[in-house]
Structures are given as structure tokens and as C-alpha cells.
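Participant: Structure below; questions to follow.
The values are calculated or read from the model by the stated rules, or taken from the named source; none is laboratory data. Because the structure is predicted, anything quoted here is derived from the model rather than measured. Cβ atoms come from the backbone with ideal geometry, glycine included; neighbour counts cover every protein chain shown.
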């Protein structure tokens, strides 16, 4: 679905075209590459891939973060805010409700959506193909939702048409190894249809959630090399992927090696039993990392321990003093106790104030799993005590939500029964006695 080949191409013409694009396209004016167009073409092979969904999503996301989301129902909105999704259905509902981009969290995949088929904490314990697999599932769900509305006669420009192909920003953790692992993971993200991918500067072997203890940083230049690997993978795949560099240096106080002079100012001189070097964590170390990553990343993300506008401003001002056009990302994390940290007025303006600082992509990493687990807990709690009355309360809420555009109360149509009825009829020459919606309870009771 996401990848095809466009045939052979002239090697030198392709080298010249790539070099010209890098030199003249405003998209690349702030991006540094430690390699040339000839390297990209040499590594690509004789067939050039057409990664349609990844390319379309990357271009859309780049436009959104530079021009602002500005949906029709909120035209003043000059940033993009996303929520974590862990299933295709969740992502479809988010887009239908007006969310413009999808965030795919490694935490959620570890907990409840990995190809290892078990539950893990956010420590890179799941199989490396897990996040690309969920990216593919989400894009497959987008494609089906689009096919269903198109088959029903809806098209762009209609009031009820939904552009389901929202860009997906996916979590590559710390790359699951070295630079080659990062390259292969980025390649697989792209082929699954990811628009943006983020890499963090932790040691992959002991990677932790950004809100856990025990985080170990790799040397700055090693992190830069992983960003270079990700960019090279995107260039070889021919996709203008959005690459986000995340630093955990605000909280991490361990470093694998003292080999990089760039990190020397933060070394304390202490070592741990495992041989790690202790460093002075905090916003200054995070700023140092951000400045090093900026030439290689489309967006920077400084992981924080609390939702702190002053801290966010300090990071943004330090980075944008040297890189005025640098875009920033912010994790509005469920790991924060929001009401404990902020009053209602500050919460209400939190994202608009972040946007004014340059944080144009903001996301709630674990929104999907918190919503899913809490909603199911409450339904089950009430059902155990109130029997069918509990479920009917949910169903009646679904009917009320139709005013907002919610349609899953007619669940047969939502997943494509009518679409496949149409397909059956076409295959059988224009008529069929075995279509599914005709005679269904949905047709009789929910029309």
C-alpha cells in the first residue's frame, strides 16, 4: 500500500536532481547533511521507490507546523496538537473529531500493541518491528475509512468529507542499537507510512521512559550520528521525513563515555559500578544537546519532568537565539499530574503559550491508552453493578454524539460492510442475494 517502484532512472540525472533540491528547496535550508547526493543514489539501488503515504504525510505535517493547524472550527490555532493512538480505529476517530496528526508512542506499543504479544514497560523490550507494524495498521485503517466514504459518493470539498490520511509521528526510541539499527528502523517506519519519526539520545540497551529514573545518555556525537542515519534513510527512500531529535539530558545524570569533548563541561568526575560517567543533569545540559542536534533535526524535543512554561521558554530562547527558525515539539505528558502542577487558567492557555515560543507540534503521548483503559474500566464497573442499563447509557451517549459527527453507533457501516456489499455486487454482475447490510439489525433499528 505504501510502497511501489517507479522503474529505472539515470544515475547522474538523479544525483543532480537531489543536489539541486537540497540547494534550492527552502525545506532544506536549515538541514545539515554529512554526505552527498551521490551517496544517496549509490545506496538506493536501480529502482526508485514511491513511498506515497509517507511522502504525502511528511509534506502535510511540514505545512501544518510551519503555517499552523488552523482548522475551520478554530482558524486562529497556529500549532498542531496530537494525541497518542495505538489502534487504527482510535486514529480514525481522532481524525474524524478534528485532530490533524497522530502520535504513535512507544510506551503505548510496549504496553498493549506490540508484536511480541505481551505487556512491557517503556524500556525498549518489545520487538523492533512493533511500531512500524502499528503505523501500517493505522494507515490501513485510514485507507479503509477513505474508501468507505468515497464509495458512498463523498469527495474533497463536500462538507462531510474527511481527509483521513493524517500524518503519523512515530517513536523510534533510542534506535534499538547503533547507527545501522537506527537506519533500518527509520527505513521500515517510512515504508509503513510514517510521516515523522523521533529518536532520543539515551543508551538503547538500558533505555527508559523519559519520566523514569536510571536514564543513560550516549555521547552527543553518537546521537548526532543516529540523526544522520535517519536522514540518510529518508533520503534513500526519497521521502522528506520530519525528523525529531529528543533529548533526555534534562533528567539523565549518566553518560556512557567521556570520549566526546562536547560533553566534558557536564562531567562530574564520578563513575558508577557499571562504568558509566556521572554528569550534571538539568536544562543547561539539555540546551547543549539541543544546540548540537538542531542542524540535523527538523524539530527538537526536550523531555521534562513537569509542565513548566518557564523551563520551556528557557530552552526555546536558548535554541532559537542560535537557530531562529528551529521548530520545537513538546510532550504534554500524562506522566505529569497536571492539576497538581498548574491552575485551571494556566492549563487552558498552556498550549497556545507554548506555540508562541516555537513549540508547533505538541502531543499527549498516552492519550489513547488512558482513554481506552479508563473508559473500559468504568463501563465494566457499571455493568457489573447495573447490568444492561450500564451499556445502554453508553449507547445513548453515542446517539447524542452524532451531533458532533460520531458515527460508530452504526458499527457495521463504519467498518465497511456497505463497501464490501458493493464489491460483492460488482463481482456478481450487478446483483447479489448475499449482501450483508440488507436485512441486518442495523438497517432495521439504526437507520
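Participant: Does the stretch 220-244 hold any residues that are touching a helix residue (DSSP H, G or I) at 6+ places or on another chain (Cβ under 6 Å) and free of Cβ contacts under 8 Å to residues at least 60 places away in the same chain, and which are they?
Facilitator: 225, 226, 229, 230, 233, 243
Participant: Being touching a strand residue (DSSP E or B) at 6+ places or on another chain (Cβ under 6 Å), under 19 Å from residue 222 (Cα atoms) and touching a residue at least 60 places away in the same chain (Cβ under 8 Å): is that true of residue 289 here?
Facilitator: Spelling it out, residue 289 is indeed touching a strand residue (DSSP E or B) at 6+ places or on another chain (Cβ under 6 Å), under 19 Å from residue 222 (Cα atoms) and touching a residue at least 60 places away in the same chain (Cβ under 8 Å).
Participant: Can you name every one of the helices (runs of 4 or more DSSP H) wholly within the stretch 327-408 that holds 1 or more residues which are outside the structural domain of residue 316 (by the TED database) and closer than 23 Å to residue 85 by Cα?
Facilitator: Filter on the stretch 327-408 gives 367-386, 388-401.
Here's the yes/no breakdown for (1) outside any helix (DSSP H, G or I); (2) surrounded by 14 or more Cβ atoms within 10 Å (Cβ to Cβ):
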{"position": "33", "(1), (2)": "yes, yes"}
{"position": "38", "(1), (2)": "no, yes"}
{"position": "58", "(1), (2)": "no, yes"}
{"position": "65", "(1), (2)": "no, yes"}
{"position": "74", "(1), (2)": "yes, no"}
{"position": "82", "(1), (2)": "yes, yes"}
{"position": "91", "(1), (2)": "no, yes"}
{"position": "94", "(1), (2)": "no, yes"}
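Participant: Let me ask you something else. Residue pairs, Cβ under 8 Å, 6 or more apart or interchain, first in the stretch 388-402 and touching a residue at least 60 places away in the same chain (Cβ under 8 Å), second surrounded by 13 or more Cβ atoms within 10 Å (Cβ to Cβ). List them.
Facilitator: No pair meets every condition.
Participant: Ok, one more. Yes or no: residue 18 more than 25 Å from the chain's Cα centre (by Cα) and either modelled with pLDDT under 95 or closer than 18 Å to residue 240 by Cβ (or both)?
Facilitator: It is true that residue 18 is more than 25 Å from the chain's Cα centre (by Cα) and either modelled with pLDDT under 95 or closer than 18 Å to residue 240 by Cβ (or both).
Participant: If I go through the stretch 409-422 residue by residue, how many of them are part of a helix (DSSP H, G or I) and surrounded by 15 or more Cβ atoms within 10 Å (Cβ to Cβ)?
Facilitator: 9
Participant: Which residues, taken from the stretch 242-280, are outside any loop (DSSP other than H, G, I, E, B) and over 19 Å from residue 319 (Cα atoms)?
Facilitator: Across the stretch 242-280, the qualifying residues are 254, 255, 261, 264, 267, 268, 269, 270, 271, 277, 278, 279.
Participant: Is it the case that some residue within the stretch 129-141 is farther than 23 Å from residue 244 by Cβ and at pLDDT below 95?
Facilitator: Taking every residue of the stretch 129-141 in turn, none turns out to be farther than 23 Å from residue 244 by Cβ and at pLDDT below 95.
Participant: If you check residue 355 against the conditions, is it out of contact with any strand residue (DSSP E or B) (no Cβ under 7 Å at 6 or more places or on another chain) and under 30 Å from residue 303 (Cβ atoms)?
Facilitator: Yes; evaluated as a whole, the condition is true for this residue.
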